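> This is the structure, below, for whatever I ask next.
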Amino acid sequence: MLMRTGAWGWWVGLIVLAGTCPAEAQEILYDPENPAFQEVREPAPETPVQDEQACGEPECEAEGAEVLVDPENPGAEVLVDPENARPAHLVAYPPTSGAFQTTELTIHLGTGVWRDLAADAPDEDLWELSTELGLRISYEPSSRLRAVLAARASHWAARPVGGPFRAYDDVALDEAYIVWRPGRLRLSIGNQRTPWGSTDITRPGDVINPSGLRSPGSGGAFGASLPQLTAEAAYTFDAFALSAVVVPFFKPDNLALFGRDTALATRRNPFIAEELPFILLAQDLLDPSIWPQAQPLLQSANRPMATPANASVGLRVTTTLANTDLGLGGYYGWDRTPYMEMDEDLRTLLNLIAEDGQLFADFDAIGFAARNPEAIPLSQRLSARAEAGETLFRSEFRRRLTAVADLARYVGPIGVRADVAFSPRRVFYTTTMAPVIRASVFSALGLSYERLLAGERVLALTLEGFWLHPFAADGALSRALVPREQAGDADDELLIFEGGYYGVAGALNWGTGLWKIDVQAGAMLSIAPGDVIGQLALERPFARGMRARLSANLFYGPDPAERLTLGGLWSANDQVALSVVGSF
């Protein structure tokens, strides 16, 4: 599946563009409006279920958990969304029996080889090898308590034509949380995802968790949601549900600045060479073995300290009216695009160093000055400003408030979803790399069609239109909400988002039944500025729990020198891949 929203200067636009578990150990989500799926009935409040034998229905196998079916799941399996607040019209009545206990262990294994379709970019990786092992344990000692622990280990290797061989390993904690459900109250704490909103691909309302943009073939332009330390409390009233979220510490987006073909700060990006040359300097100076460890330090020179004053909080209410699920929430967190300012003389000096290419090879400052005589007066002016206490470089994360509204309902087999996220102050950058603060709105309207086919096959089609609009500096809304000195000038041209960012996104999951082949496809087409990111995959089982996968990643867009887009930046990196994945 493609996509998400959300870290240095120019890549504000790139960020904004920027697990399945067993049912027995999770809340089971049910969407009663979709008649395309088998109806699942809840026990009536007047007759709460006491045990599995008394119930006699399949949905009671979860022992009193909320029962929700998520038809968007490509496998039509019961999908877990433990972080999402329960719809108000659903109330769980856990049994009084203390004999309930279950433990689920899931192992995910995958390895694949990627081949670039053409060697049409400098230092391009023609071959890539990736392997990942994931482990997830879900333990539920009672119907009220559940603990989940998930981790993964991965290895990635590649060698470009004429470039250094690179191989990295990583072991990371994924979700690790505890859920306690005493009656109508639900408490959870730990490393978890907290999805807001209703749409599936562009997800404007999903504003809480950071994004992962290291592998756009799987995360797409909008990235994959990453878990973070979170505490959540939700209470289901008779007519609505209320949830509160606290994220105690800041976590940035996970980006690849360099070292991969789909990194953001590559030499194909003209804004790097012109405006942020120190990133290219760091790539040249650092040994490739430490590139992954060094890149987070380059994303921002200043991050919020892990103190209570820097915590993020959110409040959301959900209800159901006329068979339509409605949600309204507010989240006070951090803008994950840094607000960066650099002295123009410093930027010019760094440009000279990057273009010279010899200073860090021979460390001959006299020779550098002889080759670049303009460097001497630049250095003198910078020294004078530094002595006077002027700030030559500043990079910081700023607070951001976001209001989110969403709805979802079914009309026959057609699902209708909509998200709107409004931020009164959000960081953008101009084409001259000047940071500005603007009010903005990000919205999406989605339609989906889901159907269970013969032999438990699934046909699921999703189509979404999206629109991200930063308001003008001299508009009434920006004047009312943004300090004049931060909004920029009326004639400033925004990087990527000038005139808005809008288009369509789609996803397809289809169990064809032909030789047991499943088709998965996803794409995002932006009408403005005009780029395409797409993925197509064919899967077929060949052993118990194992599947072979043939996939392709496709990128298209204008030349980055004319207009910066993700599709254009990555257009030289179309790939095909052969993978083997398993789940046990």
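The values are calculated or read from the model by the stated rules, or taken from the named source; none is laboratory data. What you are looking at is a predicted structure, and each value in this text was computed from that prediction instead of being measured. Neighbour counts are summed over all protein chains in view; Cβ atoms, including those assigned to glycine, are modelled from backbone coordinates with ideal geometry. Ligands, DNA and RNA are stripped out before the accessible areas are found, and what is left, the full protein with its side chains, is counted by its heavy atoms. Shrake-Rupley method; radii C 1.70, N 1.55, O 1.52, S 1.80 Å.
> Filter segment 389-405 down to the residues that are open to solvent by less than 20 Å² (accessible area, probe 1.4 Å) and within 19 Å of residue 197 (Cα to Cα) and list them by number.
Scanning segment 389-405 gives 402, 404.
> Having 3 or more residues that are modelled with pLDDT of 95 or more is the bar; report the strands (runs of 3 or more DSSP E) wholly within segment 367-448 that clear it. Break it down into steps so the answer makes sense when it comes.
Numbers: elements: 393-396, 399-411, 414-429.
Fully inside segment 367-448 and qualifying: 399-411, 414-429.
> Hey, any hits in segment 185-196 for a residue that's closer than 30 Å to residue 532 by Cβ and buried (at least 20 other Cβ atoms within 10 Å of the Cβ)?
Within segment 185-196 (the criterion being closer than 30 Å to residue 532 by Cβ and buried (at least 20 other Cβ atoms within 10 Å of the Cβ)), the answer is yes, since at least one residue qualifies.
> Turning to a different aspect of this structure: Residues 465, 534, 503: which one is open to solvent by less than 20 Å² (accessible area, probe 1.4 Å), modelled with pLDDT of 95 or more and touching a Leu at 6+ places or on another chain (Cβ under 8 Å)?
Just one listed residue meets the conditions, 503.
> Any residue in segment 481-489 that is under 23 Å from residue 403 (Cα atoms) and either modelled with pLDDT under 90 or buried (at least 18 other Cβ atoms within 10 Å of the Cβ) (or both)?
yes
> Something else: Run down 365, 361, 408, 386 and say which single residue is crowded, with 19+ Cβ neighbours inside 10 Å and among the small types (Gly, Ala, Ser).
After applying the criteria, what remains is 408.
> Now for a separate question. Looking at 230, 262, 266, which one is part of a strand (DSSP E or B) and among the polar types (S, T, N, Q)? Write out each step before concluding.
Numbers: 262 fails: part of a strand (DSSP E or B); 266 fails: part of a strand (DSSP E or B).
Every option except 230 fails the conditions.
> Of the numbered conditions (1) open to solvent by 70 Å² or more (accessible area, probe 1.4 Å); (2) not in a strand (DSSP E or B), residue 127 fails exactly one; give the number of that condition.
(2)
> Here's a follow-up. Just the residues that are in contact with a Leu (Cβ under 6 Å, 6 or more places away or on another chain) and buried (at least 19 other Cβ atoms within 10 Å of the Cβ), please, taken from segment 561-584.
566
> Tally the residues that are modelled with pLDDT of 95 or more and of a type in the set (Gly, Ala, Ser), restricting the search to segment 168-196.
Qualifying residue count for the region: 3.
> Sticking with this structure for a sec: Applying the selection to segment 231-283, what residues are touching an Asp or Glu at 6+ places or on another chain (Cβ under 8 Å) and closer than 30 Å to residue 144 by Cβ?
Once the filter is applied, which keeps residues that are touching an Asp or Glu at 6+ places or on another chain (Cβ under 8 Å) and closer than 30 Å to residue 144 by Cβ, segment 231-283 yields 232, 243, 244, 245, 246.
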